[in-house]
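Asks: Handing you this structure, nothing more for now.
The values are calculated or read from the model by the stated rules, or taken from the named source; none is laboratory data. Because the structure is predicted, anything quoted here is derived from the model rather than measured. Counting neighbours? That spans all protein chains shown, and the Cβs are built from the backbone with ideal geometry, glycine included.
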Ligand code: GLU
């Protein structure tokens, strides 16, 4: 239980080995919400002790994603804080003493086995029932370690800097239990857990030792992480017990998996089913493999955060749309579901559509401007663009839709859906549009009502139903069968462009 005077401190502890999966961002979000709700601190700790898995750019990518989502940490390698360094590779010196202390107390041991020794062990102890034997209570007394060698031999090997690791000595026949904030009582049989390496031959701790030591030194009160880490919990609990005492241990919450169309949502599902699984675009510098991100796909951070919050949590009502402030207010870890949360891309898009609708033009302006400019649309009048955003935003599901939905306000359509008009095209309609252009040209006013009035009066005079003329007019101005009210479009694009587009299409239709 949390002590009453203790400040809530939570951490997100990623290993910077690649892009950030939506499950990772959800872990960030739940950490963040819990910290903010309880007036606590959210810490970002970079777990980079496995040098072989170092990936260039992965740490920067994490900062960029957190920034885009608006979930910035209070303490991190970039922001500093009282418990630094926040990058484990820079804390190397602090771990060995804890590993040594475990050896001294009989909870861990030095192991000098070479790679070859380990391979032989796996080959020798392999059976049908146990195809990949682990370094555990069954084999440890047959290996080369400080449990089997004499103290003098061990001293000698250490003095001569013989490569070695330190392994935890898992107790036999012990039930290791703890109360998870989501899963309640969880128990493990110690016999099923191997003697995990705690300190590697290069002097770096493994994740298991580092996570416990750092959660202790950084005074972490609650530790939220994905359910895939639940099987590591018995090792961590024993380390807490041996090193710091269980009363110091943070409260654990193992978050439910995010499920894709077939089981756990994977990067491959994204490529296969055509939806993003990472927060932002990521290209692996080693393989050049590209994985699409929600940001570049056209999601708003407000929508992304909202949909992630709902993957495994709700406030007990039917409400689905939450701003970050509302989430901070409403969130409770007790309401996080136990079972996996199914990711549904159609639903994800619905959240985005709703958030685009709810946003005012000013909030969307800089993104839309960027989207248009990236495709060579020249924006000279920002107020005009804002009015276009207001006009079309209800038609956009993804931010990228703003291109198609607004480009024709800035340039004449590149292609015209002539086939939509041609079957019902005739001379009377052609004459109507020629005359319409003449009348528009002669009009002194240019506003939606004037344009519509000229159009309807002329249609009546020519005895053609206005409904039959509106589709051709839309194709002329927009290029396709979409967009807001056609007279509004004419008003926005102006007299010259309207007349021009009608005439160009007439040439094509009468061809
Ligand atoms: N470094 C682990 C990871 O990459 C962190 C797990 C934990 O939060 O304990 O996800």
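Asks: How many residues does the range 242-261 contain that are within 21 Å of residue 193 (Cα to Cα) and either buried (at least 22 other Cβ atoms within 10 Å of the Cβ) or within 12 Å of the ligand (Cβ to nearest atom) (or both)?
Replies: 3
Asks: Same structure again: For residue 39, only one of the following conditions fails: (1) in contact with a helix residue (DSSP H, G or I) (Cβ under 9 Å, 6 or more places away or on another chain); (2) within 24 Å of residue 306 (Cα to Cα). What is its number?
Replies: Among (1) in contact with a helix residue (DSSP H, G or I) (Cβ under 9 Å, 6 or more places away or on another chain); (2) within 24 Å of residue 306 (Cα to Cα), the lone unmet condition for residue 39 is (1).
Asks: With the condition kept exactly as written, say whether any residue in the range 463-472 is assigned to a helix (DSSP H, G or I) and closer than 19 Å to residue 388 by Cβ. Before the answer, list the steps.
Replies: To start, the set of residues in the range 463-472 that are assigned to a helix (DSSP H, G or I) comprises 466-472.
Then drop every residue that is not closer than 19 Å to residue 388 by Cβ, which leaves none.
No - not one qualifying residue is present in the range 463-472.
Asks: Inspect all residues belonging to the range 242-250 and state whether any of them is within 26 Å of the chain's Cα centre (by Cα) and either under 24 Å from residue 44 (Cα atoms) or at pLDDT 95 or above (or both).
Replies: Kept after step one, since they are within 26 Å of the chain's Cα centre (by Cα), are these residues of the range 242-250: 250.
Filter again for either under 24 Å from residue 44 (Cα atoms) or at pLDDT 95 or above (or both), leaving 250.
Yes, there is a match, as at least one residue in the range 242-250 is within 26 Å of the chain's Cα centre (by Cα) and either under 24 Å from residue 44 (Cα atoms) or at pLDDT 95 or above (or both).
Asks: Considering only residues that are more than 14 Å from residue 253 (Cβ to Cβ) and part of a strand (DSSP E or B), look in the range 10-41 and name the one that is farthest from the ligand (Cβ to nearest atom).
Replies: Among them, the one singled out is 41.
Asks: Checking residue 80 against (1) in contact with a strand residue (DSSP E or B) (Cβ under 9 Å, 6 or more places away or on another chain); (2) closer than 25 Å to residue 251 by Cα, which single condition isn't satisfied?
Replies: The single condition residue 80 does not satisfy is (1).
Asks: Here's another thing I want to ask about it. Just checking, how many residues over the range 197-211 are part of a loop (DSSP other than H, G, I, E, B) and either away from the ligand (no atom under 14 Å from the Cβ) or out of contact with any helix residue (DSSP H, G or I) (no Cβ under 9 Å at 6 or more places or on another chain) (or both)?
Replies: Total meeting the criteria: 5.
Asks: Which residue out of 47, 100 is closer than 25 Å to residue 239 by Cα and surrounded by fewer than 17 Cβ atoms within 10 Å (Cβ to Cβ)? Outline the logic, then answer.
Replies: Numbers: 47 fails: surrounded by fewer than 17 Cβ atoms within 10 Å (Cβ to Cβ).
It is 100.
Asks: Output the residues belonging to the range 212-241 that are away from the ligand (no atom under 13 Å from the Cβ) and crowded, with 19+ Cβ neighbours inside 10 Å.
Replies: Passing the criteria: 221, 234, 238.
Asks: For the range 311-343, name all the residues that are modelled with pLDDT of 95 or more, within 20 Å of the chain's Cα centre (by Cα), crowded, with 17+ Cβ neighbours inside 10 Å and part of a helix (DSSP H, G or I).
Replies: If the condition is that a residue be modelled with pLDDT of 95 or more, within 20 Å of the chain's Cα centre (by Cα), crowded, with 17+ Cβ neighbours inside 10 Å and part of a helix (DSSP H, G or I), then 324, 327 are the ones that fit.
Asks: Related question: Tell me, yes or no, whether the range 376-395 has at least one residue that is assigned to a helix (DSSP H, G or I) and either closer than 24 Å to residue 270 by Cβ or touching a strand residue (DSSP E or B) at 6+ places or on another chain (Cβ under 6 Å) (or both).
Replies: To start, the set of residues in the range 376-395 that are assigned to a helix (DSSP H, G or I) comprises 382-395.
Keeping just the survivors that are either closer than 24 Å to residue 270 by Cβ or touching a strand residue (DSSP E or B) at 6+ places or on another chain (Cβ under 6 Å) (or both) gives none.
Taking every residue of the range 376-395 in turn, none turns out to be assigned to a helix (DSSP H, G or I) and either closer than 24 Å to residue 270 by Cβ or touching a strand residue (DSSP E or B) at 6+ places or on another chain (Cβ under 6 Å) (or both).
Asks: Tell me which residues, restricted to the range 43-59, are in contact with a helix residue (DSSP H, G or I) (Cβ under 8 Å, 6 or more places away or on another chain), outside any loop (DSSP other than H, G, I, E, B) and over 19 Å from residue 278 (Cα atoms). Show your work before the answer.
Replies: From the range 43-59, those in contact with a helix residue (DSSP H, G or I) (Cβ under 8 Å, 6 or more places away or on another chain) are 44-51; that's our starting set.
In the following step, the residues that additionally are outside any loop (DSSP other than H, G, I, E, B) were identified as 44, 46, 51.
Selection gives 51 alone.
Asks: Could you tell me whether any residue of the range 75-85 is surrounded by 15 or more Cβ atoms within 10 Å (Cβ to Cβ), in a strand (DSSP E or B), within 14 Å of the ligand (Cβ to nearest atom) and modelled with pLDDT of 95 or more?
Replies: Checked against the condition, which is being surrounded by 15 or more Cβ atoms within 10 Å (Cβ to Cβ), in a strand (DSSP E or B), within 14 Å of the ligand (Cβ to nearest atom) and modelled with pLDDT of 95 or more, the range 75-85 yields no hits at all.
Asks: Could you tell me which of the residues 263, 298, 293 is on the phi > 0 side of the Ramachandran plot and at pLDDT 95 or above?
Replies: When all the criteria are applied, what remains is 298.
Asks: Out of the range 487-511, which residues are over 24 Å from residue 386 (Cα atoms) and free of Cβ contacts under 8 Å to residues at least 60 places away in the same chain?
Replies: Hits for the range 487-511 are 507, 511.
Asks: Only one residue in 436, 409, 402 is modelled with pLDDT of 95 or more, crowded, with 21+ Cβ neighbours inside 10 Å and more than 38 Å from the chain's Cα centre (by Cα), so which one is that? Write out each step before concluding.
Replies: Values: 409 fails: more than 38 Å from the chain's Cα centre (by Cα); 402 fails: more than 38 Å from the chain's Cα centre (by Cα).
436 is the lone residue from the list that is modelled with pLDDT of 95 or more, crowded, with 21+ Cβ neighbours inside 10 Å and more than 38 Å from the chain's Cα centre (by Cα).
Asks: Is there a residue being farther than 21 Å from residue 202 by Cα and touching a residue at least 60 places away in the same chain (Cβ under 8 Å) anywhere in the range 94-103? Show your work before the answer.
Replies: As a first pass, look at the range 94-103 and keep what is farther than 21 Å from residue 202 by Cα: none.
For the range 94-103, residues farther than 21 Å from residue 202 by Cα and touching a residue at least 60 places away in the same chain (Cβ under 8 Å): absent.
Asks: I've got another one for you. As an exercise: evaluate residue 286 against (1) out of contact with any helix residue (DSSP H, G or I) (no Cβ under 7 Å at 6 or more places or on another chain); (2) over 29 Å from residue 399 (Cβ atoms); (3) not in a loop (DSSP other than H, G, I, E, B) and give the number of the one condition it does not meet.
Replies: (3) is the only condition that residue 286 fails.
Asks: Please identify the pairs in which a residue from the range 448-470 that is within 21 Å of residue 505 (Cβ to Cβ) has its Cβ atom under 6 Å from the Cβ atom of a residue that is modelled with pLDDT under 95, counting only partners at least 6 apart or on another chain.
Replies: Within 6 Å, the pairs are 456/466; 459/466.
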